[in-house]
Amino acid sequence: MTKGTILAVDDEPDILIALEDLFEDEYRVLTTTKAEEALSILRAEPDVAVIVSDQRMPGLTGDALLAEARAFHDAQAILLTGYADISAVIAALNRGGIIGYVTKPWDAALLRATVRNAFDRHRLGRDLATERALLRGLLDHSEDAISFKDAEGRFVRLNAGKAQALGRDVAACLGRTEQELAGEAARAAMLADAAALAGGEVAHETVADGPKGAERWRHVVRIPLRGPSGAVAHLATVERDVTEQKILEARLRQSDKMQALGTLAGGIAHDFNNLLTAILGSLELVGPKVQDQPRVRRLIDNAAGAAHRGASLTKRLLSFSRSHDLSAASTDVNALIAGMDDLFRRSLGGLVSVEARLAPDAPAAFVDPDQLELAILNLCINARDAMPEGGVVTVSTARRRITDDPEIEAGDYLLVSVADTGTGIPPELLQRVVEPFFTTKPVGRGTGLGLAMVFGLAQHAHGRMTIDSEVGRGTTVDLFLPAAEAGVAAKEPSSPEPPVAAKPASILVVDDDAEVRHVTTSFLSSFGYAATEARDATTALSMLDTRAFDMVVADLAMPGMTGVELAEIVRRRWAGLPVLILTGHAEAVRIPDDIPVLRKPFRSSDLAARVHSILAA
């Protein structure tokens, strides 16, 4: 509706006709000769902006009508009177809230101006009421902490969220500064407010409150508000809790770094496995030639031992970078911990030592051994970091019988404990330490994944992890892992395969690494097979077109065409020709389950067993 609405009330129809004729070009005019009908019209027409009413009417006088209308309607009121009755005008002012009166007979220009002013006043009142309702709704229902301050920093309006942050109610904050309410803790906020008021520009900042590691992050927007003169008269502040957003951002950044690190670790492991395959294979091939030279044999054995330790380190790199599911198996945890001595010495430095207290009756645990080793190492590194002056980390095992525990099933468990005498964990941080990417260590010192990984390992194994810590006394992390007899029985060791060829066979060896290719070919030749080399998949396919082979042994990661892609082509073109994949990093390319795989580095007996079983099948 483009026109405003006015209501004219007079007991004389001629007067109403004159009023309608006067205002109909500018307004929508409603008329009535009865005061009671006027009240009904007002109840049905909330958009009436102005009431023009005669004073002397039968039944209900104008001032009484306007007073009753004021109780439920916000229309502006103008009184028309044909008598110089000042007492009626005063009564109308007091009771009806009129903004003016016009005498009869009226001056048309004066009456128009009076109605126009009343209409503008009504529209302004409606606009102010709308803005007030919007502001009240924003303050009352926003999850942000919102406040308005004057140029001296005193609160003139704020919502319950801001008052609650200050530990007060809204009424107690009005007229006072933030520093008066919060003391020195608010000094930085007061300085930032003053800078925003002085600069006159919208300012953004993100601030952290609370102890390190358990901070709550707030994004604060300061908006200077200018008065009629153009000078900054007030400051609006909107404070939003962005803790979850900061945590997600940190997780995303850390996830990207961990993904890149995992990819790098996998690539390094692949290259090292190729080197170790060549080294170990060459040492194994040269061994029989120096049987009558004990000194040389001893040097070869030392080199082989060092290479095997390198293979163990590479295996740990792969267990770190891999993304496939854990592989639980019966694991002698006592033996696993005892075999970690070298790893502890290299990882923990000279200030911290590890003392192992291994219970002789500790059962085997049903768990992924690689991940358990990594979990124990992570716990020891955490213990080392908690003892900057040095100390002893105690790693112990014990048998535990658990009954009536709502978290895990009743039965026998292996308890693995890692204890330190370090700084301990504050109570406010203890409940968050297993969150992924949560860390209190300096940038570059921690990923926030160690305890999360340990917790995940315990959950996957259907066990549990508990942490007991006291500031200044140290921390103990307990891992309860199901005893192997409570899980799936360990696989029986398979009988060794023959170390020599059971029947003649021609084998094509495909590998882009010349040293690894030579070792593999030499192994196969020593078993009695006819081995032929190909430096890449393309060369191998050309050779397969011209010669018949009984089997293909191919490296997984090769430039141009992977071993898996080669195997698929071989299956299509030479049905029944088996392919064995050799890999130093099985996660680099997905290998179908029906393609046999042998991981590098491998012994000659491992290769002999796989080739024999594949050819026999």
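Here, each number is a calculation from the coordinates, and none is a lab measurement. Note that the structure is predicted; figures quoted are calculated from it, not measured. Glycine gets a Cβ as well: all are built from the backbone with ideal geometry, and neighbour counts include every protein chain shown.
Using a 10 Å cut-off around each Cβ, can you sort 405, 241 from fewest to most neighbouring Cβ atoms?
405, 241
Relative to the present Cα-Cα distance, how much length would full extension add between residue 361 and residue 56 at 0.36 nm per residue of separation?
Details: separation 305, 0.36 × 305 = 109.80 nm, distance 10.93 nm.
Fully extending the segment from residue 361 to residue 56 adds 98.9 nm.
Please arrange 351, 429 by how many other C-beta atoms lie within 10 Å of their C-beta, fewest to most. Show your work: numbers first, answer last.
Numbers: 351 11, 429 17.
So the ranking, lowest neighbour count to highest, is 351, 429.
Pairwise over distinct Cα atoms, reciprocal of the mean inverse distance: report the Kirkwood radius of region 4-136 in Å, one decimal place.
Over region 4-136, the inverse of the mean reciprocal pair distance is 14.8 Å.
So how tilted is helix 35-44 from the main axis of the chain? Cα-based, degrees 0 to 90, rounded to 10.
10 degrees
In the chain, how many lysine pairs have Cα atoms under 16 Å apart, counting only pairs 8 or more places apart or on different chains? Intermediate values should be presented prior to the final figure.
Values: 149/162; 212/246; 212/441; 315/600.
Final tally of qualifying lysine pairs is 4.
Could you give the length gained on full extension between residue 248 and residue 11, defined as 0.36 nm per residue of separation minus the Cα-Cα distance, in nm?
78.0 nm
Efficiency by 1/(1 + (r/R0)^6): what FRET value for residue 295 and residue 503, r their Cβ-Cβ distance, R0 = 51 Å, to the nearest 0.05? Display every interim value, and only then the final one.
Working: r = 40 Å, r/R0 = 0.78.
E between residue 295 and residue 503, to the nearest 0.05, is 0.80.
When you count, for each residue, the other Cβ atoms within 10 Å and take the mean per peptide, how do 187-193, 74-80 rank with the highest first?
74-80, 187-193
With label points built 7 Å along Cα→Cβ from the Cα atoms of residue 142 and residue 90, find their separation and express it in nm.
Label at residue 142, label at residue 90, 4.8 nm between them.
At a 10 angstrom cut-off on C-beta neighbours, averaged per residue, how do the peptides 283-292, 108-117 rank from highest to lowest?
Most protected by this proxy first, the peptides run 108-117, 283-292.
Among the DSSP beta bridges whose two residues both lie in the chain, what percent are antiparallel, rounded to the nearest 5? Write out the running numbers ahead of the final one.
Working: 53 of 97 bridges.
Percent antiparallel among DSSP bridges in the chain is about 55.
Starting from the 7 Å offset along Cα-to-Cβ, what nm value, one decimal, do you get for the label separation of residue 568 and residue 303?
Distance between label points: 4.1 nm.
Could you point to the label whose value was computed as volume of the Cα convex hull per residue in Å³ for the structure here, given (1) 310; (2) 148; (3) 171?
It is the value labelled (1).
Between the helical axis of 294-321 and the dominant principal axis of the chain, each derived from Cα atoms, what acute angle in degrees is found, rounded to the nearest 10?
20 degrees
Report the extension gain between residue 240 and residue 176 in nm, rounded to one decimal, defined as 0.36 nm multiplied by the number of residues separating them, less their alpha carbon distance.
Here the answer is 20.8 nm.
Sort 529, 27 so the one with the fewest other Cβ atoms within 10 Å of its own Cβ comes first.
The most exposed by this proxy come first: 27, 529.
In degrees, nearest 10, range 0 to 90: what is the angle between the Cα axis of helix 514-527 and the longest Cα principal axis of the chain?
In the chain, helix 514-527 runs at an angle near 50 degrees to the longest axis.
Go ahead and run the numbers for FRET between residue 404 and residue 202, Cβ-Cβ distance against an R0 of 41 Å, rounding to 0.05.
That pair, residue 404 with residue 202, gives E of 0.10.
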